[in-house]
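**Q** One structure, pasted below without further comment.
What follows is calculated from the coordinates using simple rules that are stated; it is not laboratory data. Here the structure is a predicted model, which means the values were calculated and not measured. Because the Cβ atoms are built from the backbone with ideal geometry, glycine has one as well, and the counts that use them run over all protein chains shown.
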């Protein structure tokens, strides 16, 4: 039966700002990003995470230790299963705050983050044929607006992302939602009153 809760089944802080290079090293790894995303759904054991990721338990256990050492995940509960203590991991915060445009944050720690767009494009390129008829869309629009309006749009997009992430869990397909607002170097037409002919 699918977990119908809109939030994880354990308590966690709303936000954690990443300030330590070890946190960046821990988070910006493909497998570890997938682990922390899965833990938004509910707490999970190493075995459950390994099955969801299609990776060996030892590999997932290593990644969990790295995340735990960096303060990004922790054991939220234990349960005795056939005389063995199963440890359930959860995130330390619902949202990890970082500046993905700040390359200086990654210098000196040997990281070159792929970026959200590159990862999303790779996933879109690998959509299985069986999923081609499922709901999906990509699009882009451009508007010349004041900085204050851009800030309002950014906040609205954050709210949309948050609403999407809190949806009740169900179904058989995990969907992705990618949003963004960014300044460009695109030119624009002068205002008609500026006297252009």
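**Q** Between residue 120 and residue 134, what is the label-to-label distance in nm when each label sits 7 Å out along the Cα-to-Cβ direction?
**A** It is 1.7 nm.
**Q** Mind running the shape call on region 127-197? Use the C-alpha gyration tensor, a ≥ b ≥ c as the square roots of the eigenvalues: rounded below 1.5 for a/c, prolate if a/b tops b/c, oblate otherwise.
**A** Oblate, because a/c is 1.5 or more while a/b does not exceed b/c.
**Q** Let me ask something else about it. Pulled fully out, how much extra length does the chain show between residue 29 and residue 80, if you take 0.36 nm times their separation in residues and subtract their Cα-Cα distance?
**A** Gain on extension, residue 29 to residue 80, equals 15.3 nm.
**Q** Over region 1-82, what is the relative contact order in whole percent, taking alpha-carbon pairs under 8 Å and six or more residues apart?
**A** 34 percent
**Q** Based on alpha-carbon centroids, what's the gap between region 66-92 and region 121-157 in Å, whole number please?
**A** Taking the Cα centre of region 121-157 as reference, the centre of region 66-92 is 34 Å away.
**Q** Shape verdict for region 40-80, please, from the Cα gyration tensor: rounded (a/c under 1.5), prolate (a/b greater than b/c) or oblate.
**A** Here region 40-80 falls in the oblate category.
**Q** If you don't mind, there's one more thing I want to ask. Starting from 0.36 nm per residue, how many nanometres of slack lie between residue 164 and residue 186 once their C-alpha separation is accounted for?
**A** The span from residue 164 to residue 186 would gain 4.9 nm if fully extended.
**Q** Highest mean first, how do 8-14, 62-68, 47-53, 123-129 rank when packing is the count of other Cβ atoms within 10 Å averaged over residues?
**A** Output ranking for 8-14, 62-68, 47-53, 123-129: 62-68, 47-53, 8-14, 123-129.
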